[in-house]
1. It is to be established whether one or more residues within the stretch A:71-78 are more than 27 Å from B:V4 (Cβ to Cβ), assigned to a helix (DSSP H, G or I) and open to solvent by 60 Å² or more (accessible area, probe 1.4 Å).
2. Being over 30 Å from A:P8 (Cβ atoms) and in contact with a Leu (Cβ under 8 Å, 6 or more places away or on another chain): is that true of B:Y32 here?
3. Can you confirm whether A:Q6 is of a type outside the set (D, E, K, R), within 12 Å of the chain's Cα centre (by Cα), over 27 Å from B:S3 (Cβ atoms) and open to solvent by less than 70 Å² (accessible area, probe 1.4 Å)?
4. The conditions are (1) touching a Ser or Thr at 6+ places or on another chain (Cβ under 9 Å); (2) part of a strand (DSSP E or B), and B:Y61 fails exactly one of them. Which is it?
5. Identify all residues within the stretch A:46-56 that are surrounded by fewer than 16 Cβ atoms within 10 Å (Cβ to Cβ) and out of contact with any Ser or Thr (no Cβ under 9 Å at 6 or more places or on another chain); write none if there are none.
6. How many residues does the stretch B:36-58 hold that are within 11 Å of another protein chain (Cβ to nearest Cβ) and either open to solvent by 20 Å² or more (accessible area, probe 1.4 Å) or not polar (S, T, N, Q) (or both)?
Amino acid sequence: SQTIHQWPATLVQPVGSPLSLECTVEGTSNPNLYWYRQAAGRGLQLLFYSVGIGQISSEVPQNLSASRPQDRQFILSSKKLLLSDSGFYLCAWSPLQGSLATNEKLFFGSGTQLSVL
Amino acid sequence: AQSVAQPEDQVNVAEGNPLTVKCTYSVSGNPYLFWYVQYPNRGLQFLLKYITGDNLVKGSYGFEAEFNKSQTSFHLKKPSALVSDSALYFCAVRSSGSNYQLIWGAGTKLIIKP
């Protein structure tokens, strides 16, 4: 069966420090991968998505970047964190094969609560 | 522009009573509609989806949702609420003509009181 791992679960970082959040998927190949941010336990904002190794699409101009060095690995990074980067970050994957419509189901990681102080 | 509206920030229901969490959408093509649930400090879990076919869709944990094209709605329902149903519920939509992205509602907090 497929699983998604996201770590760390919580992170407290000072302003101006770098960030690296990692997400890996097991039990599937060539998944679509996503990074979302959720502010204050509410709406989801899509940050990045990837349809393949090295292919990253950015949805929101910001202080963050994403990379996909391997098929099932997705990394969210920042060189210098801002206070506004605080939030709950969620990684997700969806199957690529078959119909995009019927395979639209997203599988989410357990999230990382990031506090920038 | 595509959008999803969840008009209620919070819904309070007594245990055992039926519940409804509302969702309306606006898309340019045929809609693909989804409901997800989020428990505290956790990722989202898929509940159900409507792609085509029967307007009444059944999902996990006894939930169902009814697609109403004329009202552009996809309300989530359950005949008898449980305290364990208390969580944050998200509606999402994608049009048949768009890319990989889902448009998400702001979420509705469901509180089931014993």
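1. Filtering the stretch A:71-78 down to residues more than 27 Å from B:V4 (Cβ to Cβ) leaves A:71-73, A:75, A:77-78.
Going one step further and asking which of them are assigned to a helix (DSSP H, G or I), we end up with none.
No.
2. Values: over 30 Å from A:P8 (Cβ atoms): yes; in contact with a Leu (Cβ under 8 Å, 6 or more places away or on another chain): no.
Answer is no for this residue.
3. On the way: of a type outside the set (D, E, K, R): yes; within 12 Å of the chain's Cα centre (by Cα): yes; over 27 Å from B:S3 (Cβ atoms): yes; open to solvent by less than 70 Å² (accessible area, probe 1.4 Å): yes.
In short, yes.
4. (2)
5. Once the filter is applied, which keeps residues that are surrounded by fewer than 16 Cβ atoms within 10 Å (Cβ to Cβ) and out of contact with any Ser or Thr (no Cβ under 9 Å at 6 or more places or on another chain), the stretch A:46-56 yields A:G52, A:I53, A:Q55.
6. Applying the first criterion (within 11 Å of another protein chain (Cβ to nearest Cβ)) to the stretch B:36-58 yields B:36-52.
Next, from what is left, pick out any that are either open to solvent by 20 Å² or more (accessible area, probe 1.4 Å) or not polar (S, T, N, Q) (or both): B:36-37, B:39-52.
Within the stretch B:36-58, residues that are within 11 Å of another protein chain (Cβ to nearest Cβ) and either open to solvent by 20 Å² or more (accessible area, probe 1.4 Å) or not polar (S, T, N, Q) (or both) number 16.
The values are calculated or read from the model by the stated rules, or taken from the named source; none is laboratory data. Predicted, not measured: the structure shown is a model, and the values here were computed from it. Virtual Cβ from ideal backbone geometry, glycine too; neighbours counted across all protein chains shown. Heads up: the accessible areas ignore ligands, DNA and RNA and are worked out on the full protein's heavy atoms, side chains in. Shrake-Rupley method; radii C 1.70, N 1.55, O 1.52, S 1.80 Å.
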